[in-house]
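Colleague: Following this message is one structure expressed as structure tokens.
The values are calculated or read from the model by the stated rules, or taken from the named source; none is laboratory data. On a predicted model such as this, the values are computed, not experimentally measured, just so you know. All Cβ positions, even for glycine, are placed from backbone atoms using ideal geometry, and neighbour counts span all protein chains on display.
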Amino acid sequence: MPNYAVGDIQGCFKELLGLLNLINFNPKKDKLWLVGDLVNRGPNSLEVLEFIYSIKESCNVVLGNHDIHLLSIAGGLRSPNKEDTLRGVLESPRLPFYVDWLRSLGLVYQENIDTNSGERKFIMTHAGIPPHWTKEELERNSKEINNVMNNDTKYKNYLINLYGDLPSKTYPNITIDEELRLNTNYLTRMRYCKSDGELDFVMGKTKGVKEKKKGDFKPWFLHPLNLNISNFHIIFGHWAALGGITGISNISAMDTGCVWGHKLSAFRLEDKRLFSYDRLN
Ligand SMILES: [Mn+2]
């Protein structure tokens with residue numbers, strides 16, 4: 001019953017089927033861990049959502065920034081961008097089911113898995129975990145977002161207040177709305193930050209890693225993490241320019257840029273074997 005972490009699919013349905021065929025995925029026995037950004041930018045977002053929804057009992061999924069963007073548009077709170085390819089999803093009569101399902105998912109998923117090298121706690125988020133967070137802060141902050149997402153009166157306000165790069169870090173009189181925005185940015189959009197969690201989205205916008213260090217800003221995973229957990233392994237997506245490489249054995253970057261013409265990858269948690277399927281034309 002292997003567990004496979006799969007990178008950002010972003011509507012690349014043919015490649016998803018190709019990858020699942022390559023790993024001989026059996027939804028009755030195996031599990032997929034999906035790092036989010038199931039939809040957008042790629043050609044077949046609706047097909048990806050329909051398919052994942054149909055096997056959702058075999059999937060652990062966290063939301064990415066594009067999935068949240070879909071929720072905002074579906075809720076009438078944002079307009080689609082020029083680059084968005086969400087029309088098929090938005091026009092689907094099944095949209096309300098997908099919205100309800102996406103809302104029920106969290107931004108963090110954790111599970112202990114028996115691997116070849118012993119038991120490991122795998123923690124999956126879309127963008128990563130800010131270096132200053134403890135295990136308790138990770139749990140509390142992600143639970144707070146889940147509660148708001150599943151609360152009909154707080155949900156719309158959450159989405160309305162979500163947009164923006166500030167605050168870049170916490171401060172003494174931070175409001176609840178600001179804290180939710182900051183914590184959602186950490187879990188779904190972060191690339192560069194300082195060791196105290198101060199975010200920089202300007203550097204992140206290049207999507208590149210040419211400058212690995214600029215002042216005290218570094219890719220979040222290059223700071224010592226404050227997670228007080230033994231034998232953890234972090235799975236994340238969102239950063240295609242990393243090409244799947246962090247240089248850290250217990251932190252796996254799963255976004256290998258399928259939607260940008262590269263490949264979709266799966267990482268088998270039990271034996272750390274990596275499988276890839278090239279983007280089709
Ligand atoms: Mn993303």
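Colleague: Contact list please: Cβ distance under 6 Å, first residue in segment 217-233 and modelled with pLDDT under 95, second residue among the polar types (S, T, N, Q), pairs at least six apart or on different chains.
Modeller: Hits for this filter: Asn228/Thr134.
Colleague: Okay, next question. Of everything in segment 97-125, what is buried (at least 17 other Cβ atoms within 10 Å of the Cβ), assigned to a strand (DSSP E or B) and free of Cβ contacts under 8 Å to residues at least 60 places away in the same chain? Give them in sequence order.
Modeller: Gly106, Gln110
Colleague: Name the residues in segment 237-249 that are within 15 Å of the ligand (Cβ to nearest atom) and within 21 Å of Glu111 (Cβ to Cβ), would you?
Modeller: Answer for segment 237-249, where residues must be within 15 Å of the ligand (Cβ to nearest atom) and within 21 Å of Glu111 (Cβ to Cβ): Gly237, His238.
Colleague: Evaluate the following for Ser252: is it away from the ligand (no atom under 13 Å from the Cβ), buried (at least 21 other Cβ atoms within 10 Å of the Cβ) and either at pLDDT below 95 or not aliphatic (A, V, I, L, M) (or both)?
Modeller: Details: away from the ligand (no atom under 13 Å from the Cβ): yes; buried (at least 21 other Cβ atoms within 10 Å of the Cβ): yes; either at pLDDT below 95 or not aliphatic (A, V, I, L, M) (or both): yes.
Taking the combined requirement at face value, the residue satisfies it.
Colleague: State which residue is modelled with the highest pLDDT when the search covers only segment 193-210 and only residues that are in contact with a Phe, Trp or Tyr (Cβ under 9 Å, 6 or more places away or on another chain) and closer than 19 Å to Thr256 by Cα.
Modeller: Step one: list which residues in segment 193-210 are in contact with a Phe, Trp or Tyr (Cβ under 9 Å, 6 or more places away or on another chain), which gives 193-194, 197-204, 207, 209.
After this cut, where a residue has to be closer than 19 Å to Thr256 by Cα as well, the list is 204, 207, 209.
Working: Gly204: 58, Lys207: 53, Val209: 55.
Among residues in segment 193-210 that are in contact with a Phe, Trp or Tyr (Cβ under 9 Å, 6 or more places away or on another chain) and closer than 19 Å to Thr256 by Cα, the one modelled with the highest pLDDT is Gly204.
Colleague: Shifting gears a bit: Restricting attention to segment 60-80, which residues are within 14 Å of the ligand (Cβ to nearest atom), outside any helix (DSSP H, G or I) and not small (Gly, Ala, Ser)?
Modeller: Val61, Val62, Leu63
Colleague: Same structure again: Test Gly88 against the stated conditions and say whether it is touching a residue at least 60 places away in the same chain (Cβ under 8 Å) and small (Gly, Ala, Ser).
Modeller: Numbers: touching a residue at least 60 places away in the same chain (Cβ under 8 Å): no; small (Gly, Ala, Ser): yes.
So Gly88 fails the test.
Colleague: What are the residues in segment 19-48 that are closer than 16 Å to Arg279 by Cα and either in contact with a helix residue (DSSP H, G or I) (Cβ under 8 Å, 6 or more places away or on another chain) or within 14 Å of the ligand (Cβ to nearest atom) (or both), if any?
Modeller: Selection gives Leu38, Val39, Asn40, Arg41, Gly42, Pro43, Asn44, Ser45, Val48.
Colleague: Is it the case that Gly36 is in contact (Cβ under 8 Å) with a residue 60 or more places away in the chain and either part of a strand (DSSP E or B) or farther than 21 Å from Arg268 by Cα (or both)?
Modeller: On the way: in contact (Cβ under 8 Å) with a residue 60 or more places away in the chain: yes; either part of a strand (DSSP E or B) or farther than 21 Å from Arg268 by Cα (or both): no.
Criteria not met by Gly36.
Colleague: Identify, please: which residue in segment 227-236 is more than 16 Å from the ligand (Cβ to nearest atom) and of a type outside the set (Ser, Thr, Tyr) and is, among those, nearest to Phe201 (Cα to Cα)? Steps first, please.
Modeller: Looking only at segment 227-236, we keep the residues that are more than 16 Å from the ligand (Cβ to nearest atom), and these are 227-233.
Adding the requirement that they be of a type outside the set (Ser, Thr, Tyr) leaves 227-229, 231-233.
Working: Leu227: 23, Asn228: 27, Ile229: 28, Asn231: 30, Phe232: 27, His233: 25 Å.
The residue in question is Leu227.
Colleague: Go through the residues of segment 161-170 one by one and say whether even a single one is of a type in the set (Lys, Arg), more than 19 Å from His69 (Cα to Cα), surrounded by 15 or more Cβ atoms within 10 Å (Cβ to Cβ) and at pLDDT 95 or above.
Modeller: Going through segment 161-170, the residues of a type in the set (Lys, Arg) turn out to be 169.
Next, only the ones that are more than 19 Å from His69 (Cα to Cα) stay: 169.
If we keep only those that are surrounded by 15 or more Cβ atoms within 10 Å (Cβ to Cβ) too, we end up with 169.
Those still in the list that are at pLDDT 95 or above too: 169.
So far as segment 161-170 goes, yes, one or more of its residues are of a type in the set (Lys, Arg), more than 19 Å from His69 (Cα to Cα), surrounded by 15 or more Cβ atoms within 10 Å (Cβ to Cβ) and at pLDDT 95 or above.
Colleague: Go through Leu77, Leu71 for me and flag whichever is within 21 Å of Asn183 (Cα to Cα) and either touching a strand residue (DSSP E or B) at 6+ places or on another chain (Cβ under 6 Å) or surrounded by fewer than 19 Cβ atoms within 10 Å (Cβ to Cβ) (or both).
Modeller: On the way: Leu71 fails: either touching a strand residue (DSSP E or B) at 6+ places or on another chain (Cβ under 6 Å) or surrounded by fewer than 19 Cβ atoms within 10 Å (Cβ to Cβ) (or both).
One residue alone meets the criteria, Leu77.
Colleague: Please give the number of the condition Tyr192 fails out of (1) more than 15 Å from the ligand (Cβ to nearest atom); (2) in contact with a Pro (Cβ under 8 Å, 6 or more places away or on another chain); (3) among the hydroxyl-bearing types (Ser, Thr, Tyr).
Modeller: Tyr192 satisfies all of (1) more than 15 Å from the ligand (Cβ to nearest atom); (2) in contact with a Pro (Cβ under 8 Å, 6 or more places away or on another chain); (3) among the hydroxyl-bearing types (Ser, Thr, Tyr) except (1).
Colleague: What are the pairs, 6+ residues apart or on separate chains, where a residue within segment 134-145 that is modelled with pLDDT of 95 or more has its Cβ under 6 Å from a residue that is among the charged types (D, E, K, R) and in a helix (DSSP H, G or I)?
Modeller: none
Colleague: How about segment 128-146: which of its residues are out of contact with any helix residue (DSSP H, G or I) (no Cβ under 8 Å at 6 or more places or on another chain) and of a type outside the set (Asp, Glu)?
Modeller: The initial filter retains those residues of segment 128-146 that are out of contact with any helix residue (DSSP H, G or I) (no Cβ under 8 Å at 6 or more places or on another chain), namely 132, 134-140, 143, 146.
Those that are out of contact with any helix residue (DSSP H, G or I) (no Cβ under 8 Å at 6 or more places or on another chain) and of a type outside the set (Asp, Glu): His132, Thr134, Lys135, Leu138, Arg140, Lys143, Asn146.
Colleague: Still on this structure: Give me the residue from segment 255-267 that is buried (at least 21 other Cβ atoms within 10 Å of the Cβ) and more than 19 Å from Asn112 (Cα to Cα) and, out of that set, nearest to the ligand (Cβ to nearest atom). Break it down stepwise before answering.
Modeller: Initial filter on segment 255-267 (buried (at least 21 other Cβ atoms within 10 Å of the Cβ)): 255-259, 264-267.
With the extra rule that they be more than 19 Å from Asn112 (Cα to Cα), the set shrinks to 255-259, 264-265.
On the way: Asp255: 7, Thr256: 13, Gly257: 11, Cys258: 13, Val259: 10, Leu264: 14, Ser265: 15 Å.
Within segment 255-267, the match that is nearest to the ligand (Cβ to nearest atom) is Asp255.
To keep it simple, each residue is scored yes or no on (1) among the acidic types (Asp, Glu); (2) crowded, with 16+ Cβ neighbours inside 10 Å.
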site	(1), (2)
Thr175	no, no
Leu199	no, yes
Trp220	no, yes
Phe232	no, yes
Gly244	no, yes
Asp271	yes, no
